[in-house]
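Colleague: One structure, as structure tokens, below. Some questions next.
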Amino acid sequence: MTLVGAALGEWAHVPAGALLGGMLVSLVAALSLSVHVPVPRFLLLGAQAVLGAALCSSFQPSAWSALAEHWLVALINVVGVVAIGQGVAFAFSWLGGVDVRTATIGLMPGGASAMMVLSEELGADTRLVALFQYLRLGVVILVAAAVGRWMGHGPETQVATAAALPGAPSPVMAWGTTALVAVVGGAVGTWLKLPAGGFLGPLLLGIPFSALGFPVGAWPPGVLFVSLWVLGVRVGSHFDEAAVHELKRVALGALGAVVAMVGGCLLLAWFWSSVGGVDLLTTYFATSPGGADSVLAIALETRASLSLVVAVQVGRLLLVFLVAPMLMRRLSARHAGLR
């Protein structure tokens, strides 16, 4: 059924329809029927690697000049999204009576799996963190798909075909090079324990190779569809009826916190568009509070300037990866000192 939902999403020309359709069907199945579609870790890593490698061809050399021109406002937005998440977390902790560490980790716009591991290490409520993280992901995906549909004027898939890559290589050569980048980059990113390493590793490895003229970014027909379906099912299946019922005391507040976070990031996008002269669709996807893989998958099928979106999303992901552990340990030390 999740595959049918993914196919319907693509048929309706919704940006990243396979991701959205798979997520909605698996979400309904999890909440109404307590049926969870298992997504093995290797399959998730593979889907992330496929998407990361596919995005490489969209990062054109001209992006460097665009980033040089907008670097200050882009940096402000990278830090601003993290600051909004932290501010909302503090407010939710104070109003909702939730431990500040749990609220902060749950609403931090980083890799959901990385935040889950961090919550276990620092003694936060892992159930609440899981609820917050996947609620945030679900809302962000729905809003991003709606924005892409409304402002994108119809999907315009930016995934390169083999013939469109540098040198117009044969499909076999382009697919082989892309697969090699996906495998090596995914393995290295996972080994280094990067946030969403299966996605970020191929992206960081493939961008310079693509800039040097190597044919990176093309996949055989259907590969990207399956990968987006896997990512969507992964998000939807994490919602559990029993957990939501047990945590209903904070579920409504968590939803409000997530909506406030998305709204704050939308204001940042509007500010960037007004000050920097970048179109609002691009700035929205760039400042959208993750997950980076899901947001980029949706942006991939719109008219957004994908080079800027990739740069800002990856920059924020790395910032969260560097800052979050230090911040959480300070909060943990302060929490212990108050006892």
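Colleague: Contour minus end-to-end for Asp279 and Val259, with contour as 0.36 nm per residue of separation and end-to-end as the Cα-Cα distance?
Modeller: Working: separation 20, 0.36 × 20 = 7.20 nm, distance 2.26 nm.
So the chain would gain 4.9 nm between Asp279 and Val259.
Colleague: Could you give the length gained on full extension between Val79 and Ser32, defined as 0.36 nm per residue of separation minus the Cα-Cα distance, in nm? Can you show the working numbers first?
Modeller: Working: separation 47, 0.36 × 47 = 16.92 nm, distance 3.85 nm.
Full extension of this stretch gives 13.1 nm more.
Colleague: Also, quick follow-up: I need the phi-derived Karplus couplings for segment 180-193: 6.51 cos²θ - 1.76 cosθ + 1.60, θ = phi - 60°, integer Hz, Gly and Pro marked x.
Modeller: Residue by residue, segment 180-193 yields 5, 4, 5, 5, 5, x, x, 5, 5, x, 5, 5, 7, 6 Hz.
Colleague: Highest mean first, how do 292-302, 71-81 rank when packing is the count of other Cβ atoms within 10 Å averaged over residues? Could the numbers behind the result be given before it?
Modeller: On the way: 292-302: 27.9, 71-81: 17.9.
Most protected by this proxy first, the peptides run 292-302, 71-81.
Colleague: Which of Ile105, Ile141 comes first, and how do the rest follow, when ranked by fewest Cβ neighbours within 10 Å? Spell out each step's value before the answer.
Modeller: Working: Ile105 31, Ile141 25.
The order, fewest Cβ neighbours first, is Ile141, Ile105.
Colleague: Out of residues 5 or more away from Asp125 or on other chains, whose amide H comes under 5 Å of its own, with H placed 1.01 Å from N in the peptide plane?
Modeller: Distant-sequence amide H within range of Asp125: Thr102.
Colleague: Pop the C-beta distance of Val188 and Arg41 into the FRET formula with R0 = 22 Å and round what comes out to the nearest 0.05. Kindly include the intermediate steps, with their values, before the conclusion.
Modeller: Values: r = 17 Å, r/R0 = 0.76.
Approximately 0.85, to the nearest 0.05.
Colleague: Sticking with this one: I'd like the Karplus ³J(HN,Hα) series for segment 135-142: coefficients 6.51, -1.76, 1.60, θ = phi - 60°, whole numbers in Hz, and an x wherever there's a Gly or Pro.
Modeller: Coupling constants for segment 135-142: 5, 4, 4, x, 5, 4, 5, 4 Hz.
None of the figures in this text is laboratory data; all of them are computed from the coordinates on show. All values derive from a computational prediction rather than experimental measurement. Cβ atoms come from the backbone with ideal geometry, glycine included; neighbour counts cover every protein chain shown.
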